[in-house]
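The values are calculated or read from the model by the stated rules, or taken from the named source; none is laboratory data. Since we're looking at a predicted model, the values are computed, not measured. Every residue, glycine as well, gets a Cβ built from its backbone with ideal geometry; the counts of neighbours run over all protein chains shown.
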There are 2 protein chains.
Amino acid sequence: MPAVEEARKALAKGEVIVMAGPCEVVYEGRGASRLGEGERLVIIKRDRSILVHRPTGHEPVNWQPSGSAIEFKKEEGLTVVTATNGDEVLRIRFTKEPSLTLFKLSDEALFEMYASEEEMKMALLAEPSLIEEGFTPMEDERYVREAGRVDVLGVDREGRLVAVELKRRTATRDDVKQLMNYLDVLEREFGKRPRGILAAPSATKTARAEMAGSKIEFKCLTPKKCMQVIRKKKGLDAYL
Amino acid sequence: MPAVEEARKALAKGEVIVMAGPCEVVYEGRGASRLGEGERLVIIKRDRSILVHRPTGHEPVNWQPSGSAIEFKKEEGLTVVTATNGDEVLRIRFTKEPSLTLFKLSDEALFEMYASEEEMKMALLAEPSLIEEGFTPMEDERYVREAGRVDVLGVDREGRLVAVELKRRTATRDDVKQLMNYLDVLEREFGKRPRGILAAPSATKTARAEMAGSKIEFKCLTPKKCMQVIRKKKGLDAYL
DNA sequence: ACTTTTATTTCGCCG
DNA sequence: CGGCGAAGTAAAAGT
């Protein structure tokens, strides 16, 4: 079966196609690019995204996102692949017949990015100075009647009660309000309003405004930093 | 030959390796990620960059840039690939023996991004209003003694001489200075200082400051826009 | 659906 | 070499 036919069928069957061979590549769309003859890998995925990879560099030299219209043609005896997405066109012209490798891949797994909020808390408990010098955690996940759970409850160097709310991504105004809720309940319980610290990699503008108006403090804490602490801790544990 | 051995040799020979099979992927570095079992393509290039591609999505789910330390191992009978780059580690554990496809690719071609400056000039000559309404090009690449060449020399709607300098990328202060040079020479030649227009997709802050201080005008002109004009022109030519 | 923000951003130029 | 800005940014989250 000719390579062009085989590729069309494979794409229809949802297989991933890898073509390898000498080709010229032209892209025109938001920008424009030209790539002279050379040997590359062309990868076409089942969602009709396409990648052109040179033998070096971890980024594709050209590509088209998923949902592109992929066409396999023979033009003057040469195999041509075009991928059209709106007014953007990628055209790959193989100057010699490319090799064709097909892969039937099944992949339903969940991709989890970043350290989890749980891991961030572990890091914080292992290294309380991530919040501030002299911070001492007292309770992990303290249950606050009606309001829910405070991530970490502790005291600062001057003995003041501190409620810490952790977020693994940009903190929102809702997160600030939730922490305010905890502070309200804790104030009634202890007779004195605790400090409130929202620890997150960043905060939205509205969240910052809310914090400014309610005396809640912000502490920048990234999952990355937490991962470093956890790994350091692990390394230490392994050493001891 | 075992796949692990074969992969090592291929990498040493500068070949591009494509491994396909069910695997689990763990990344820890600037961030951290976990990807459960599923079938993926793993591409290892000769510059020791590595990509993990799921069957959909045009971006790799995990990767490591060029210059990573790539290791192929057998652990408890399973093939494991690790790529280490500084304190970043990518680990791919194949739960079944992966297929191994090797590609010997030679690619020395130049990659040209954007429309060329030449193409931008063609567009401008074909559609002078890209500069401003009433602009009329008079000379293409006018040689200015000692100073070099002005991209386009023309007159505006009020008959004033205009020197246009084209850049396909963000204009720098040096570009402004070059245009000023042309203006100086043209002023001596014509007895009157021409208008100077720098046409580029954007300008650096320093370039903008230099323009403000030297009465040089900026006209935003993108390669994309020029490509559109060229294509429209081509379409018209084909029609006539 | 549109806008804003993030990213293991990457990449290039500027200072 | 560090910092800043753009990218055919892409992709996710907020509005």
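Can you name the number of the only condition in (1) closer than 28 Å to B:ASP47 by Cβ; (2) touching a residue at least 60 places away in the same chain (Cβ under 8 Å) that A:PHE72 fails?
Every listed condition holds for A:PHE72 apart from (1).
What strands (runs of 3 or more DSSP E) completely inside the range A:1-117 contain at least 1 residues that are within 12 Å of another protein chain (Cβ to nearest Cβ) and at pLDDT 95 or above?
In the range A:1-117, A:16-28, A:32-44, A:50-53, A:62-64, A:78-85, A:88-94, A:99-103 are the strands (runs of 3 or more DSSP E) which contain 1 or more residues that are within 12 Å of another protein chain (Cβ to nearest Cβ) and at pLDDT 95 or above.
Just give me the residues in the range A:8-41 being surrounded by 20 or more Cβ atoms within 10 Å (Cβ to Cβ), of a type in the set (Gly, Ala, Ser) and over 32 Å from the mean Cα position of the chain (by Cα), in sequence order.
A:GLY21, A:GLY38
Being modelled with pLDDT of 90 or more and basic (Lys, Arg) narrows it down to one of B:ARG160, B:ARG149, B:ARG145, so name that one.
B:ARG160
Confirm whether B:GLU165 is within 16 Å of DNA strand C (Cβ to nearest atom), surrounded by 16 or more Cβ atoms within 10 Å (Cβ to Cβ) and either of a type in the set (Asp, Glu) or at pLDDT 85 or above (or both). First the steps, then the outcome.
Details: within 16 Å of DNA strand C (Cβ to nearest atom): yes; surrounded by 16 or more Cβ atoms within 10 Å (Cβ to Cβ): yes; either of a type in the set (Asp, Glu) or at pLDDT 85 or above (or both): yes.
For B:GLU165, the condition - within 16 Å of DNA strand C (Cβ to nearest atom), surrounded by 16 or more Cβ atoms within 10 Å (Cβ to Cβ) and either of a type in the set (Asp, Glu) or at pLDDT 85 or above (or both) - is met.
Quick test for you: out of B:ASP107, B:ASP175, pick the one residue that is among the charged types (D, E, K, R) and closer than 30 Å to B:ILE17 by Cβ. Show your work before the answer.
Numbers: B:ASP175 fails: closer than 30 Å to B:ILE17 by Cβ.
Only one candidate qualifies: B:ASP107.
Out of the range A:47-77, which residues are of a type in the set (Lys, Arg) and within 14 Å of DNA strand C (Cβ to nearest atom)?
Here is the first cut: in the range A:47-77, the residues of a type in the set (Lys, Arg) are A:48, A:54, A:73-74.
If the condition is that a residue be of a type in the set (Lys, Arg) and within 14 Å of DNA strand C (Cβ to nearest atom), then A:ARG54 is the only one that fits.
Would it be correct to say that A:GLU141 is within 14 Å of chain B (Cβ to nearest Cβ), surrounded by fewer than 21 Cβ atoms within 10 Å (Cβ to Cβ) and farther than 24 Å from A:GLY213 by Cβ?
no
Given (1) at pLDDT 90 or above; (2) under 30 Å from B:GLU28 (Cα atoms), identify the lone condition not met by A:ILE131.
In the conditions (1) at pLDDT 90 or above; (2) under 30 Å from B:GLU28 (Cα atoms), A:ILE131 misses (1) alone.
Mind checking which residues of the range A:177-222 are without any contact (Cβ under 8 Å) to a residue 40 or more places away in the chain, within 23 Å of B:GLY31 (Cα to Cα) and not hydroxyl-bearing (Ser, Thr, Tyr)?
A:LEU198, A:ALA200, A:PRO201, A:ALA203, A:CYS220
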